[in-house]
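Read-outs throughout are calculated quantities, based only on the coordinates presented, and are distinct from any laboratory measurement. All figures in this text were calculated on a predicted structure; none of them were measured in a lab. Cβ coordinates were reconstructed from backbone atoms using ideal geometry, including for glycine residues, and neighbour counts include every protein chain displayed.
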Amino acid sequence: MRLYYLMFLVTILAACDQLPHAGEEGHPCRTGWVASACNDGLRCLDEGCVACGGPGQTCCQIPGGSRFCNGGACVGDWDAPGTCSGDCGSIGLACCGDGDAPCPGGGTCSAGMCQGDAADPCQSGKEVHTVNVIEPDCSTVQVTFKTDTAAQAEECRQKLVAHAAPGEEVCSTDTKPNETEVCKFSINGSDQLYLWNCSDQQLATCEAFFCLDGCTWSTGTCP
């Protein structure tokens, strides 16, 4: 158990030692796991942050999870970065050609269109809406809904709220979470952390997660 806590602290301290502009487009990815490797709208690829999710750009990817695009579908082998088609391949859009996978974003190709399961109103519309879920450790998971109206997307979001685990925060639809720069003061000194949140309450939850002993916090850069 003592070794586990030691490794945990080493991981946090290592993550605080970042290069200037780490996480920004055209710069190195952040290291560690206390903050996302790159800023919102970017993906860590070949140790650098590149734009993702737009037409012709590389697909974005949830850390350790699936690839996604802001429009269209992610086209390419599952073990490759993939490219966002922009105007085809997802439910409600045209099929991407006549290949083996004309609808890589989901659904089946029928009459030249990618058709979804009409029984799932959260995935069968033409509008794309995203919801960010903040985990207790301040990591983020982005959920994508495809609905016909913003009101329907909000109904889908409420389902996430109803099933949220303790310590999780479901952000508002189509909003970017805050990446708050905080300084942790403890018996080991000061640590610079970057914590995702959509409310002061979630920020406090994340701070509690990273406080293994008595500590205090301040917003901004460590002195």
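Things worth noting here:
- Long-range lysine pairs (8 or more apart or interchain), the stretch 62-193, Cα under 21 Å: 5
- Leading residue at positive end of dipole, the stretch 46-169 (Cβ point charges), from PHE145, GLN57, ILE134: PHE145
- Across all C-alpha atoms in the stretch 122-223, the radius of gyration and Dmax reach 16.2, 53 Å.
- Two-site FRET efficiency, ASP87 against ASP200, from Cβ-Cβ distance with R₀ of 41 Å, rounded to 0.05: 0.55
- Alpha carbon centroid spacing (whole Å) that separates the stretch 151-186 from the stretch 121-144: 9
- Think of each Lys and Arg Cβ as +1 and each Asp and Glu Cβ as -1; about the Cα centre, that makes the dipole of the stretch 111-161 roughly 100 debye.
- Rough spin-label spacing in nm, given labels placed 7 Å along Cα→Cβ, for ALA101 and THR175: 3.5
- The stretch 151-223, dipole about Cα centre (Lys/Arg Cβ +1, Asp/Glu Cβ -1), debye to the nearest 20: 40
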